[in-house]
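J.: Take this structure, written in structure tokens, and hold onto it; I'll ask about it next.
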Amino acid sequence: MEHQEHRDYFKNLMYRLVLNEGSHRNDQTRNMQMDFFSVISEPDKRRTAKDILCFMELLNAPHVKSHLGADCASVIDGWCEDILATEEE
């Protein structure tokens with residue numbers, strides 16, 4: 001799997017996580033006056049978890065495979081390919 005193809009997706013993802021102040025109530029979170037995870041929907045949590053696993057897979061596939069097994073690694077590979085398909089749309 002070519003890592004370069006995923007670069008823009010993950011670069012944009014990092015900007016969305018860091019700069020998306022309005023939807024995540026940045027001021028309240030900074031002041032620790034709320035539970036950060038309560039403002040993130042379940043589908044967003046799942047998507048973020050998948051994105052993190054894909055990122056880890058792209059950085060070090062043998063490490064992910066050693067901890068999660070070959071079956072999980074093939075599922076994660078599918079998610080990484082889905083990222084590319086989504087980016088092409």
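The values are calculated or read from the model by the stated rules, or taken from the named source; none is laboratory data. Computed from a predicted structure; not experimentally measured. When we count neighbours, we look across all protein chains shown, and the Cβ atoms used for this are built from the backbone with ideal geometry, even at glycine.
J.: Could you check region 53-78 and list, in sequence order, the residues that are exposed (fewer than 15 other Cβ atoms within 10 Å of the Cβ) and under 14 Å from Phe10 (Cβ atoms)?
T.: Leu59
J.: Right, something else. Out of (1) surrounded by 11 or more Cβ atoms within 10 Å (Cβ to Cβ); (2) modelled with pLDDT under 75, what's the single condition that is false for Arg30?
T.: (1)
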